[in-house]
Amino acid sequence: MSQRPRTFLVLGAALCAATLGVATLSVAQGKAQERLYVEGAADTGITADTPVTFGAFATLAQRVGPAVVSIEVEGRASAADEAPFSFFFGPPRGGPRPNGPAPQGAGSGFFIRDDGYLLTNNHVVEDASAIEVRLEDGRRYPARIVGRDAPTDVALLKVDAPGERFPVAPLGESARLQAGEWVVAIGNPMGLSHTVTAGIVSATHRGDVHPDGRVRYADFIQTDASINPGNSGGPLFNTRGEVIGINTAINAAAQGIGFAIPVDMVKKLLPGLYGSGKVARSWMGVQIQQVTAELARSFGLDRPRGALVAAVVPEGPAAAAGVKPGDVVTRFDGAPLQRDGDLAWLASTAGVGKTVEIEVVRDGAPRTLKVKLDALPTEPDEADRKGGPAREEERAGPLGLRIGPVDPAWRARAGVEGGVGIQRVEPGSAAQRAGLQRGDIVLQIDGREVREPRALAQALEALRPGQVARLWVQRGDGRRFIALTK
């Protein structure tokens with residue numbers, strides 16, 4: 001079986017059904033349908049056309065605040081803001097001590113069912129040995145993990161308290177959200193439980209945010225509502241009292257820039273989290289990348305859009321359908337793709353075994369292909385991704401590159417047959433600005449294979465000033481297209 005790179009898209013989760021304000025799920029054949037969450041506006045007296053007053057925020061907080069909980073965990077140290085884009089994970093309640101208590105941390109969450117089911121972030125509870133939730137009125141309950149999903153950073157918890165009924169936060173529709181709308185965050189920032197802050201939606205569909213550097217499905221809501229460490233897992237409400245996002249990340253280097261997971265994404269995950277504790281993803285078997293303005297021009301697109309196929313898994317679903325590296329996927333199962341992250345999310349949640357039509361642009365012309373999605377295979381162990389310089393004579397290339405042949409060990413590690421190795425990238429050069437790196441192996445230039453350094457050097461030297469060369473590059477265990485402008 002061929003090795004599948006870790007960066008290949010993993011693509012799944014069953015869609016939840018909805019009936020008149022209540023989402024339902026049939027967990028197993030013959031079992032009665034159960035309500036997963038409540039939908040619809042809370043009783044705030046505010047509609048989409050109601051002028052928002054400061055009194056409205058107080059009414060909203062009174063109506064929906066009791067559904068928000070503080071979450072305390074034991075079992076690991078806090079991961080507070082260590083990265084430029086850092087997760088919220090509240091201040092440590094005491095560091096690790098020899099023979100002392102386990103380290104603690106704090107986050108937020110909110111009830112979605114009155115029998116004790118609640119949502120939070122996965123990073124708040126992963127590795128926790130004990131979880132406790134605290135309500136606004138001071139009551140405390142132990143909680144257990146029902147299901148969690150690291151790629152979206154969502155976790156479903158359960159408080160087991162027979163006979164108790166908890167206040168619920170209704171879920172809204174994040175797809176209707178617009179930049180400029182008022183939103184309210186309620187959570188446990190810096191250990192200060194049930195803190196209420198207000199702001200606006202600064203932007204939607206932020207796909208270029210990667211908290212903690214983790215690979216995840218990103219389609220964040222950006223807000224300037226004040227959120228801090230400890231808000232993780234707490235709800236972001238619209239003015240009608242509907243949860244439209246789960247607060248999950250901040251930019252620690254800036255002020256007023258926070259990010260929330262859209263609630264529409266969470267709804268798609270809930271059937272899997274509730275039914276089996278995990279999300280079963282479908283898989284297309286491609287590695288994709290962003291279509292930049294330069295790449296769009298080189299592929300004959302009118303503007304940057306869609307997802308560029310950088311590599312296809314041999315014998316995978318996309319390969320069987322005839323998808324090729326260099327195809328730009330512009331539509332998936334009828335839905336237009338504006339960016340590469342759209343394909344990642346849609347293909348992963350379409351369903352295992354489903355056949356979908358995709359539209360691709362190949363050689364400047366659109367064509368339609370049918371792909372039967374497979375189940376996401378188990379990821380291989382982390383491979384050695386480091387490239388090494390060739391030991392043979394180096395050849396000086398143009399545009400700030402030093403290139404040379406690929407030695408056998410380097411070639412075997414990368415799993416390629418041809419190509420030219422990049423041995424050095426000059427700082428400040430056109431090659432560095434394009435994103436080329438030492439250890440990359442150039443496989444093609446403008447669709448033509450290259451096997452000798454001199455052939456690549458001549459092709460680059462022949463470029464006119466301002467002309468763009470499209471390089472197909474092997475980096476570690478993945479492939480990508482890079483637009484190099486002379």
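Here F111 meets each of (1) in contact with a helix residue (DSSP H, G or I) (Cβ under 6 Å, 6 or more places away or on another chain); (2) at pLDDT below 70; (3) over 17 Å from D153 (Cβ atoms) with one exception, condition (2).
Listed here are the residues, each with its yes/no results for (1) among the hydroxyl-bearing types (S, T, Y); (2) in the same structural domain as F220 (by TED's automatic domain parsing); (3) surrounded by fewer than 24 Cβ atoms within 10 Å (Cβ to Cβ); (4) more than 21 Å from V38 (Cβ to Cβ).
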site	(1), (2), (3), (4)
S108	yes, yes, no, no
F111	no, yes, no, no
V124	no, yes, no, yes
A130	no, yes, yes, yes
Y141	yes, yes, yes, no
D153	no, yes, no, yes
K158	no, yes, yes, no
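Residue by residue through region 314-345, note down the ones that are under 21 Å from the mean Cα position of the chain (by Cα) and either more than 20 Å from F220 (Cβ to Cβ) or not in a helix (DSSP H, G or I) (or both). Within region 314-345, V328, V329, T330, R331, F332, D333, A335, P336, L337, Q338, R339 meet the criteria. If I ask for residues that are of a type in the set (A, V, I, L, M) and over 15 Å from A150 (Cα atoms), which ones from region 261-309 would you list? Listed by number, the residues that qualify are V263, M284, V286, I288, V291, A293, L295, A296, L301, A307, L308, V309. Across region 197-206, the number of residues qualifying as closer than 19 Å to S108 by Cβ and either surrounded by fewer than 18 Cβ atoms within 10 Å (Cβ to Cβ) or not hydrophobic (A, V, I, L, M, F, W, C) (or both) comes to 2.
Do the conditions hold for Q444, that is, is it surrounded by fewer than 17 Cβ atoms within 10 Å (Cβ to Cβ), polar (S, T, N, Q) and modelled with pLDDT of 85 or more? Judged against the criteria, Q444 is not a match. A search for C-beta distances below 7 Å between a residue of region 471-486 that is under 21 Å from G428 (Cα atoms) and any residue that is basic (K, R) and part of a strand (DSSP E or B), counting only pairs 6+ apart in sequence or on different chains, returns V473/R479; V473/R480; F481/R470; A483/R470.
Based on what the data block shows, is V328 at pLDDT 75 or above and either among the charged types (D, E, K, R) or under 21 Å from I288 (Cα atoms) (or both)? Judged against the criteria, V328 is a match.
Table: residues versus (1) in contact with a Cys (Cβ under 9 Å, 6 or more places away or on another chain); (2) in a helix (DSSP H, G or I); (3) hydrophobic (A, V, I, L, M, F, W, C); (4) farther than 27 Å from T485 by Cβ.
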position	(1), (2), (3), (4)
K278	no, no, no, yes
A296	no, yes, yes, no
R305	no, no, no, no
A311	no, no, yes, no
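Scanning region 274-303 for residues that are within 30 Å of L118 (Cα to Cα) and touching a helix residue (DSSP H, G or I) at 6+ places or on another chain (Cβ under 9 Å), which turns out surrounded by the most Cβ atoms within 10 Å (Cβ to Cβ)? Top of the filtered list is S282. The condition of being aliphatic (A, V, I, L, M) and modelled with pLDDT of 90 or more does not hold for L192. From the list V196, V133, the lone residue that is touching a helix residue (DSSP H, G or I) at 6+ places or on another chain (Cβ under 9 Å), on the phi < 0 side of the Ramachandran plot and in a strand (DSSP E or B) is V196.
The values are calculated or read from the model by the stated rules, or taken from the named source; none is laboratory data. Just so it is clear, the structure is predicted and the values come from calculations on it, not from any experiment. Note: ideal-geometry Cβ built from the backbone for every residue, glycine included; neighbour counts use all protein chains shown.
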